[in-house]
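Enquirer: Below is one structure. I have some questions about it.
The values are calculated or read from the model by the stated rules, or taken from the named source; none is laboratory data. For clarity, every value in this text was computed on a predicted model and none was experimentally measured. In this analysis, Cβ positions are derived from the backbone assuming ideal geometry, glycine residues included, and neighbour counts consider all displayed protein chains.
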Amino acid sequence: MSDRPQHGQIIGGLSVVPDLEAAIRDYRDVLGLELRQSGALDEALALSWGCPQSAGRPMAVLGPASGADCTFRLVEQADHPDFRPTTSFGWAAYELTVQQVFGWPERLNGSGFDIVGPPKELEGMPFFVPMQVLGLGREMLYLNEVRENMPSCDLPKAQSLVDHIFICILATPDREAAVQWYVNKLGLEAADTHNLAYSMINKAFDLPEDFRTDLTMVLKGRMTILEVDDYPPQATARPRHDGMLPPGNALVTLAVDSLDYLNLDWITPPAAYDAMPCNGRRAATVVGLSGELLELVEFS
């Protein structure tokens, strides 16, 4: 990681949780992240996300012990009764680079994390070993032990037990349109498209095990940023409380070189915010084609 994040680099993922103190214990004491900030969600920041009813909610900011430029923000908010993971459009999961993935099932015993996919080596994919867990807010985290780079991109090996987010998974009704939005609006690059039997999606929608899904990787150079997934027709818009953050994986933050040259419909005009990961820099948020909240922080 460089001192200055690259354009497009993931510098944060925000999740909604029903019990902040319990979630802090899971992220800090189980995942090994460090508590960096805590307090009430700033009203101006909540407004910039289009979520005025989330203002004043308890929140915490954690980061990896490696010192990587990546924050894990947790905001306390009541569960939505209609939310089910991996069934709606928007941010579906954050992929974290971790160490010793086969030791994680035992480490998670007694925590608030539910294992939905145990560690598994993938046939024909020697580059990493994944597992999947759900947190208290039904936010999805992929814990991936990286073994080597892929032919088209670099995969970061963890420098602490849990390190930074290196891929955000976006669930879409129109994968090709979503990919082109990120290419045209942010100057990112479409990479490989894969067709596979995606067990997480097939289980969520009660589809046959061999039902296949297309997904496209979005990069900047060799840096991974997004996995954009086609979701089946049964998928819906993310259910959410009026004026509040979406449940589960709620918002992703990327670094950009400049906000002034981006032709985007900001929820509120760019402004400086003190809270991490902005740290006094200008930021602004936009709603993507799949309803996802995307916050961009300027590192000019």
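Enquirer: From the list Pro173, Pro246, Pro156, exactly one residue is under 30 Å from Val30 (Cβ atoms), out of contact with any Cys (no Cβ under 9 Å at 6 or more places or on another chain), at pLDDT 95 or above and not hydroxyl-bearing (Ser, Thr, Tyr). Which is it?
Expert: Pro156
So that you can scan it fast, the table gives a plain yes or no per residue for (1) β-branched (Val, Ile, Thr); (2) closer than 18 Å to Gln53 by Cα; (3) not in a strand (DSSP E or B):
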position	(1), (2), (3)
Leu226	no, no, no
Val252	yes, no, no
Trp266	no, no, yes
Ala283	no, no, no
Leu296	no, no, no
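Enquirer: Check the stretch 131-152 and report whether any residue there is buried (at least 19 other Cβ atoms within 10 Å of the Cβ), in a loop (DSSP other than H, G, I, E, B) and basic (Lys, Arg).
Expert: Yes, that holds for at least one residue.
Enquirer: Pairs please, first residue from the stretch 77-88 and touching a residue at least 40 places away in the same chain (Cβ under 8 Å) and surrounded by fewer than 21 Cβ atoms within 10 Å (Cβ to Cβ), second anywhere and part of a loop (DSSP other than H, G, I, E, B) and among the aromatic types (Phe, Trp, Tyr), Cβ atoms under 9 Å, 6+ apart in sequence or on different chains.
Expert: Note: pairs meeting the criteria are Thr87/Phe205; Thr87/Tyr231.
Enquirer: Counting just the residues of the stretch 14-34 that are aliphatic (A, V, I, L, M) and out of contact with any strand residue (DSSP E or B) (no Cβ under 8 Å at 6 or more places or on another chain), which one comes out nearest to Arg138 (Cα to Cα)?
Expert: Ala22
Okay, residues lined up against (1) among the charged types (D, E, K, R); (2) surrounded by 18 or more Cβ atoms within 10 Å (Cβ to Cβ); (3) in contact with a helix residue (DSSP H, G or I) (Cβ under 9 Å, 6 or more places away or on another chain); (4) part of a loop (DSSP other than H, G, I, E, B):
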residue: Arg4; (1), (2), (3), (4): yes, no, no, yes
residue: Ile11; (1), (2), (3), (4): no, yes, no, no
residue: Ser15; (1), (2), (3), (4): no, yes, yes, no
residue: Ala23; (1), (2), (3), (4): no, yes, no, no
residue: Asp26; (1), (2), (3), (4): yes, yes, no, no
residue: Asp29; (1), (2), (3), (4): yes, no, no, no
residue: Gly39; (1), (2), (3), (4): no, no, no, no
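Listed here are the residues, each with its yes/no results for (1) surrounded by fewer than 21 Cβ atoms within 10 Å (Cβ to Cβ); (2) among the acidic types (Asp, Glu); (3) touching a residue at least 40 places away in the same chain (Cβ under 8 Å).
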{"residue": "Met200", "(1), (2), (3)": "yes, no, yes"}
{"residue": "Thr213", "(1), (2), (3)": "yes, no, no"}
{"residue": "Val218", "(1), (2), (3)": "no, no, no"}
{"residue": "Arg222", "(1), (2), (3)": "yes, no, yes"}
{"residue": "Val228", "(1), (2), (3)": "no, no, yes"}
{"residue": "Leu254", "(1), (2), (3)": "no, no, yes"}
{"residue": "Ile267", "(1), (2), (3)": "yes, no, yes"}
{"residue": "Pro277", "(1), (2), (3)": "no, no, yes"}
{"residue": "Thr285", "(1), (2), (3)": "no, no, yes"}
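Enquirer: If Ser66 passes every condition in (1) assigned to a strand (DSSP E or B); (2) small (Gly, Ala, Ser); (3) over 16 Å from the mean Cα position of the chain (by Cα) but one, which one does it miss?
Expert: Ser66 satisfies every listed condition except (1).
Enquirer: Okay, moving on. Have a look at Ser66, Ser38, Ser54 and point out the one that is polar (S, T, N, Q) and within 14 Å of Met276 (Cα to Cα).
Expert: The unique qualifying residue is Ser38.
Enquirer: Within the stretch 73-103, take every residue that is under 11 Å from Val16 (Cα atoms) and assigned to a strand (DSSP E or B) and give me the one that is farthest from the chain's Cα centre (by Cα).
Expert: Glu76
Enquirer: Only one of Thr193, Thr216 is in contact with a strand residue (DSSP E or B) (Cβ under 9 Å, 6 or more places away or on another chain), in a strand (DSSP E or B), polar (S, T, N, Q) and at pLDDT 95 or above; which?
Expert: One residue alone meets the criteria, Thr216.
Enquirer: Can you name the number of the only condition in (1) over 19 Å from the mean Cα position of the chain (by Cα); (2) over 14 Å from Gly137 (Cβ atoms); (3) surrounded by fewer than 15 Cβ atoms within 10 Å (Cβ to Cβ) that Ala55 fails?
Expert: (3)
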